[in-house]
Structures are given as structure tokens and as C-alpha cells.
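Notes follow the structure.
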Amino acid sequence: MNTNEKLSVYRDDIYTCNRARCGFCREECPVYRIKRYETFSCRGKMLVARGLMEGRLNPSKEMAEMLERCLLCGYCQARCSLKNMDIIIAMREHMGLEGLTAKVHRENVEKIVKEGRLFDRQVPERQEGEIPIYIGCLYQARPKELSATLSVLERLNIHPKIGEESCCGYIAEATGFSQEFERVKNRCMESFKQHNDDLTLTLCPTCTITLKEKYGLPVQHAIIRVHQKLKEPDIAKKLKPLNLRATYHDPCHLGRMLGIFEEPREILHRLGVEIVEMEHNRCFSTCCGGGGGLRAVDEGLSIEIAKNRVRDALTVGAEMIVTTCPTCESTLLRASGRLINEIDIFIDVRNLWDLLDKSLVG
Amino acid sequence: MKTSMGQNSIAEAFKDLEQFLGDRVTQSPIHRMVYSRDWSPREKNAATFPDLVVIPKTTDEMVRIAEIAYQYEVPIVPYGGGTGMGGGAVAWKGGILVETKGMNQVIEIDEKNMTVTVQTGMTIYELNEILARKGLWFPHEPESKRSCTVGACIGNNNDSPFGLRYGKIRDYLTNAVMVTGRAEAVRLGQRKALFSSTGYRLIDLIIGSEGTLGVVTEATLRIFLLPKTRQVRAYLFRSLNEAAEGLERVLSAGLTVESAHIHCRNRLRFYCHAYRQKFEREPNVPEWAEAILFLSFSGDEKIVAFTMDRATQILIEEYHSKPVGETEMVQDYWASKHLLEYIPFKQKWPDSQRQKKFGAADLGLPIGQLDEGYRYYIEMAKKWDQSILGLTVYNSSPNKASASISFAVFVDDSSEESIRRFYQYVREMSEKAIALEGTMSSYIGDGDRLGGFNQLEHGLSFEYMRRIKEAFDPKNIMNPGKKFESLWMK
């Protein structure tokens, strides 16, 4: 099936959006909030999709760049029952086949295909344990954070078994390299054979959604297991209250895509953190600005989006932003640092694992 | 009133605009495609490209854009939320489409004087999110509020569910800044006072002007305290007129009602169907029910409770109305109508615009003509082969029954011919409105539908409207093709 046909599969959804124009998806789209051309919102893209489908518009570098400025955060999808994200990915794929996708994406995907990882690994690849864990490239590249996270799991009597792994390939799929994604997927599937279909814990929300939905593997984000463990009286005793007033930023992949909203909040509550909610939270949370490959192609835009999210936290008087995703954490922290120049207030950004590490002292 | 424009003018205008707008002006077909239609019934593959799209951020920038448009005689088409049903934002004469949502800042929240001053590209939804942080509220909330902007409310004089208590946009708007077709920024209105007896009421003139006099860039609006509680109830009646009479009687009793909507039996059928689907039981709705009246009450708890009880008593005892006992049906209605707690295109029936699109004749009728309007609606829909969605009466004038009516149909948008049939339906309904001593449009506006044809409504005053237009816009650059011309009713 060529890409035009692929887009035509969504013909009814595209026309439905075009004729209805409800705009539920538009105003809170993090990219549109900055760019202001409706083109960058989902309902705008649905008109571009029609233009492409009907041959009114030709694929172009400009179109590819517009499509690359999408976080695939799924906010539009949460507001609508049309297949918005599938359509955007199909359009990206179209750009890819026309050779219009950004060089940096192509290079990243080539690296994943060649080396099985996006980021360079710095930690030992193997550890004996009881339950398989899939770490993901990003945590593997951050040895200090990974070591603290694994230590938290150990202290909770969760003993992870680390084996050889290769990149899940999310970014290949997200940036429209569907054929390359299939190759990456096959290799990653091979490495999962060592787990004999056992439930595998994961640390990165993006890997989790990819392995679950695109691979159909039995995976569970480790924070769910932590949540269960903290209910045990012996473990609860080990927690030192942190006495913080923080907001929780829902990572898109963990939150609206996997439906994990309450567990991280209940963990924070157990750690003695008072949660102040941002106006857009849970299913309708706002992306940090780091999703969909945007950081690689437009760092400036990514930072502006992240600054908006940090402002959301400041509006409700939070002292800290806590999240559960390595991408959200670094993206928001960087924006918070930049924002000092504008508003003279710094709000710290921490990963929930970091807070668990500090609280679990017993 | 002609607009002459060649590709050279567009190229020159683009060059000048680029000087100060940078990447906030574009000729790209991608962006032009995105601004190629609004929510009005048109063929499903219709796309009307503007020549340029600009995103001004300030009134000053808008003045400079208007200067360039004036110099090269290029049309300016303001674009708000893009949810207009009349084609008002479609640039069918080409020109510069002004994406107003770049002007989306709050200029001042004045809690002492209970006003807010905003740039007009802000959506109603976002404005209310900001106001709610201070316990404040702008009750003009059209159902398109997630997308619709303050400027679009002024330009189209659209409906508000809370009109029965708070009125339409003119009841809020105290001051405005508009960039006219002479490329001048003019302040209109009485600053933060609600009324004025000096001069001419130019601020009233811009309400419903659809960008044909200028682009409104700033607005000062009266705001309110958020009510502490709200209750919603529904009542069944034997006719639409009886529902309106019941409402009038409730108001005459001295009770304060926040919103009132009357729906025909087709709509009632849909509410029953949705209830049946969701709760798997039959709602207790008698066969005689021809109309359903939804009322909402807000304020302090005890007062709301008293008002609601007394209203219910009046409607039962004096009008033999039946209150709807299925509270879930009433709550779901409100969640959909006001809270917008639904996922678009999910419902299966009636058609959720997956195959056809919504369209409406939006007549304003005298309050005693609801049943006659309904009868004619059924007749005309049949004549022009339009499938009936249902009738909704919005009460948009403070403390009195009034009838801003949506006679809604599903429009087959698969061909130009089927779209034309829809506009024939609108045309005949509009003629009927005049015969019944009402108005052709009560919330959509002329757009590119009624222009010229609306002379039937206005007679000689239509000529005075032309002269007013010329005073503000001598070169006819402000949204040409609207109000005085029509694409559909030649």
C-alpha cells in the first residue's frame, strides 16, 4: 500500500473533521499555543491531510517541517474520537517516502537500526534478579539516575533482572519510518525471548506504550509495582515525609495513553507531598515539549512549550514539579532554568524516583 | 462597491507585510488551505483559499496591515474560531485573512469595576479559565466557546445559553477598539460604563458587523461573580407555544431563571434515545409531549432551591406540564450543552457529522409563533429534501421569553446541488420569518448566505447600511462579499 492509499484509509475521518470544525482540539495544543497558525493544531492538519489526499497540496519540505512540529502528545486524540494521531503519523510517513523528513531523524533512525540504541549506553547490561526489567536507551544513558531507581526497587524488595536489550524504536515509528520500525521491532522482540513471556517491568513511559501497543508484549510500568509495595505496612514504615508542596506533571505516554494517573499521585501522598494540581491535568494534561521528536528538530520551540508548562505550575503555586518520565524531567528542568531570566523564580523539577530515593531511608 | 485586486497587488502587499510581521505572514498554500473554510454548509471538498494569512499581535500591527490593504485595495477577512455557520470567515474574494487569535492577551481585569479588557482573539473558554481563578465569570458562553473568540461573538452577535439572565454580547460590551477600512484605530463605546446617551451608538453598530466595517482588536466586557450553585430541570409540554408561555409566567412571578431552552419533539426523541442507550431503561415520557423546556437556576443554594420549586409548581399547576423525572437525562443534556463534556463524533444517532453536516436556518421569531414556525420548518425541510435534526429555541434576552431559533437539518454535502437545496431551504425559511414579523437571522449573521437577499428584511434601511459601510470602509476592503452580496442567494 502506498502512502496516498494509506491516507485514504482515513478519508471519512478527514472529511468529518473538515466539515465539523468543532475546534475542541485546537486551543490547548501546546504547539499551537506558541505558533498561532491553526496549521499547527490538529484540526488544521486535518485540512492539510485533505489537501494531500485530494492532490490540492503537494508534499514539500515546508509540509514536512510543519508535521515535525507536532509532539504526538495525544491531546487532540483525547478530545476527539477521530483517528487524529494515526493520520498525522501517516502524513509523516508520506513525507519520509518522499525523502523530505529531517536529516536528524533519518540519522537517529539509522543509528537505532545499526546499533540497537538511540543513546549511548554507559551502564552494565546485565544483572541477576527475579523480575525482568526493560530499562530503555534514555535511562541507560543516565547511570546515576538509573542506579538510584534500581536501588529504590531493591529497597522495596523488587529485584529486577537486567538482560540484553535493544531500542524499542518509538522514534522511528513516530517520525514516519515504518519500514525501519519493523526491523527494529523484530530485533527488540528477539531480545524479549529471554523473558519467556513473563511480565516485564519498564521505567520509561514511551518504551512502555510502544512495547505494549505496538509489540503486544506483557509489560508494566514499574511505578505500578512500587505503588502496590508501598501499601505494605513494613515498607510504609520506612518512608520519611518530605513535606513538599508540589505539582504532578502527567507524562503523555504514562497518563492519557496508559491511563496511569492516580498511582503516582498516591505515591506522592504517601511521601508526604501536598499535591497542587495544574489546571490541565490527567487525561487533558499538557505535553512538556519533548515528545514526538520535536526536540531534535526545533529545540527553541521545545523550550518555549516547556516554559508554558512550567508557567502552568507556577500559576497554581507549586514549589516543585514532579514527573515520572526522563524526557519530561529533562525538558521541563531545562525550561525552568531558562525561565529564571524572565521571571526570577526557579521551580525545581524532579523525577518521582528521585523523591522515592530520598524518602526511603528506613 | 468593488474590490479590484491583481496578483501584483498581492505580491506588493506581501513584501510590505513581511517587513514588520516576519514569519507571521505567509503565502504558503499549506496555511491557506487550513483557512479555506469555516463551519458553514459547503461541499465536503470545498476549499476557498485566501491569498495571504497574517497573524497580528497588536492593534498597531492591525493598523499597519489595514494601511497596506488600503493602499493595494486588497480585502481583509478576519478569522476567529472558524466555527461560524454562515461563511463569514471564508475569503471567497481572496485577500488577506487575518488570524485574530494571535491577539489573545488579557489587558486588564478590573475587579472593582467588574470589567475585563481583552484582545479579541482570546477564546471564551480561555477567558473564563483565567477569570475563574479570581472567582469571576463572563457568562456569554456560546456552545462553540472552546473555539469561538471574543471578537467572533461581537462580529456575529451569536447566541449564549445564559442570555435569559445576562443577554447577548451587546449587554456586556462597554468599549471596543476597531481598525476600520480607513486604516484607523477607533475607540467606540463608553469605556467602563454600561450605557451612554451621547453621540451615536457606534458600538452597537459593530455588533453583528461581521468584519465588514473593520477588525475589532480590543474589547471591554462586563463580568460577574461565579454563582455558588446551579440546578437544571426539564419540563414537558403539549406545544412549543405553551412552553414559551410557561416560561413567561415563571418570570412574571418574580423568579430569576438563568437559562431556558425549548426543544421540539425530534430533539426530545434524541434525548430519550441517548438515555435508553446509556441506562438501558425507558424514560417516562408521555405521547402527548411535543416540547421540552430546560431551565437552569443559579445563585445561593437556598434561593435556587426555592426558585426551582416555585417554578415547577407554576408549570405543573397552571400549564399541566410534566417535570422530567429522569435526572440523568437532564444532567447529560447539561453536560453536553454547557459543560461540553462529550467526545465529538462518538454518538451514533443522530448523525454526528460523519456522513452529513449540521446546518440551520436561524430565524428570530415573535414569541407567539413557535408552533407555526415549527410547522413550516417540517414542510420546508421535506420540500427541499433536508433531513430534520430538530428545533431549539434560545432565550437570549434578559428576563423575558424570546425566540432565537435553530431550525437544524442534516445537510448532504456530497454535491454542489445538494448544498444549493439547503440554501433554498434557508431562503424560504427566511422569507417566512419576515412574513411572521421576525428576522432572517438571530445568531449566525448574514455571512455569505443572506447578503443582498436580506434587503427583503431591511427595505430602504438597507441603502443606509450601504452608506454606513462606505463611511467606515470607502474602498470596500473589509470582508467584501458579506452582508451585501451572497454566494448562495443570487
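Some values worked out for this structure:
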{"read-out": "All positions within region B:131-155 that are out of contact with any helix residue (DSSP H, G or I) (no Cβ under 9 Å at 6 or more places or on another chain) and either assigned to a helix (DSSP H, G or I) or away from chain A (no Cβ under 13 Å) (or both)", "value": "B:131, B:132, B:135"}
{"read-out": "Leading residue by the ranking (surrounded by the fewest Cβ atoms within 10 Å (Cβ to Cβ)) among those in region A:50-64 that are assigned to a helix (DSSP H, G or I) and more than 10 Å from chain B (Cβ to nearest Cβ)", "value": "A:61"}
{"read-out": "Test: residue in region B:421-430 that is touching a Gly at 6+ places or on another chain (Cβ under 6 Å), outside the structural domain of residue B:262 (by TED's automatic domain parsing) and not polar (S, T, N, Q)", "value": "yes"}
{"read-out": "Number of positions in region A:172-229 that are part of a helix (DSSP H, G or I), of a type in the set (Ser, Thr, Tyr) and surrounded by 16 or more Cβ atoms within 10 Å (Cβ to Cβ)", "value": "4"}
{"read-out": "Region A:319-355, residues that are buried (at least 24 other Cβ atoms within 10 Å of the Cβ) and either of a type outside the set (A, V, I, L, M, F, W, C) or assigned by TED's automatic domain parsing to the domain that holds residue A:221 (or both)", "value": "A:323, A:324, A:326, A:329, A:331"}
{"read-out": "Flag for residue B:387 being in contact with a helix residue (DSSP H, G or I) (Cβ under 8 Å, 6 or more places away or on another chain) and surrounded by fewer than 16 Cβ atoms within 10 Å (Cβ to Cβ)", "value": "yes"}
{"read-out": "Subset of region B:412-435 that is over 19 Å from the mean Cα position of the chain (by Cα) and of a type in the set (Val, Ile, Thr) - its residue that is farthest from residue B:255 (Cα to Cα)", "value": "B:419"}
{"read-out": "Residue check for residue A:161: touching a residue at least 24 places away in the same chain (Cβ under 8 Å), surrounded by fewer than 22 Cβ atoms within 10 Å (Cβ to Cβ) and not in a helix (DSSP H, G or I)", "value": "yes"}
{"read-out": "Of all residues making up region A:8-23, the number that are surrounded by 21 or more Cβ atoms within 10 Å (Cβ to Cβ) and facing chain B (nearest Cβ under 9 Å)", "value": "9"}
{"read-out": "Residues of region A:81-101 that turn out to be in contact (Cβ under 8 Å) with a residue 60 or more places away in the chain, under 18 Å from residue A:29 (Cα atoms) and assigned to a loop (DSSP other than H, G, I, E, B), as a count", "value": "2"}
{"read-out": "Count of residues meeting criterion [part of a helix (DSSP H, G or I), charged (D, E, K, R) and free of Cβ contacts under 8 Å to residues at least 40 places away in the same chain] in region A:116-150", "value": "1"}
{"read-out": "Residues being in contact with a Ser or Thr (Cβ under 8 Å, 6 or more places away or on another chain), crowded, with 24+ Cβ neighbours inside 10 Å and within 14 Å of another protein chain (Cβ to nearest Cβ) - total across region B:92-118", "value": "3"}
{"read-out": "Residue A:93 being within 30 Å of residue A:11 (Cβ to Cβ) and not assigned by TED's automatic domain parsing to the domain that holds residue A:196", "value": "yes"}
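Each row is one residue, and each column tells you yes or no for (1) in a helix (DSSP H, G or I); (2) farther than 17 Å from residue B:87 by Cβ; (3) touching a Gly at 6+ places or on another chain (Cβ under 7 Å); (4) in contact (Cβ under 8 Å) with a residue 24 or more places away in the chain.
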residue	(1), (2), (3), (4)
B:17	yes, yes, no, yes
B:20	yes, yes, no, yes
B:38	no, no, yes, yes
B:49	no, no, no, yes
B:64	yes, yes, no, yes
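Residue by residue, here is whether (1) within 22 Å of residue B:399 (Cα to Cα); (2) surrounded by 11 or more Cβ atoms within 10 Å (Cβ to Cβ); (3) basic (Lys, Arg) holds:
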| position | (1), (2), (3) |
| --- | --- |
| B:278 | no, yes, yes |
| B:283 | no, yes, no |
| B:287 | no, no, no |
| B:290 | no, yes, no |
| B:295 | yes, yes, no |
| B:306 | yes, yes, no |
| B:312 | yes, yes, no |
| B:316 | yes, yes, no |
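The values are calculated or read from the model by the stated rules, or taken from the named source; none is laboratory data. Just so you know, these numbers come straight off a predicted model, no measurement behind them. Note that each Cβ is placed from the backbone with ideal geometry, even for glycine, and that neighbours are counted across all protein chains shown.
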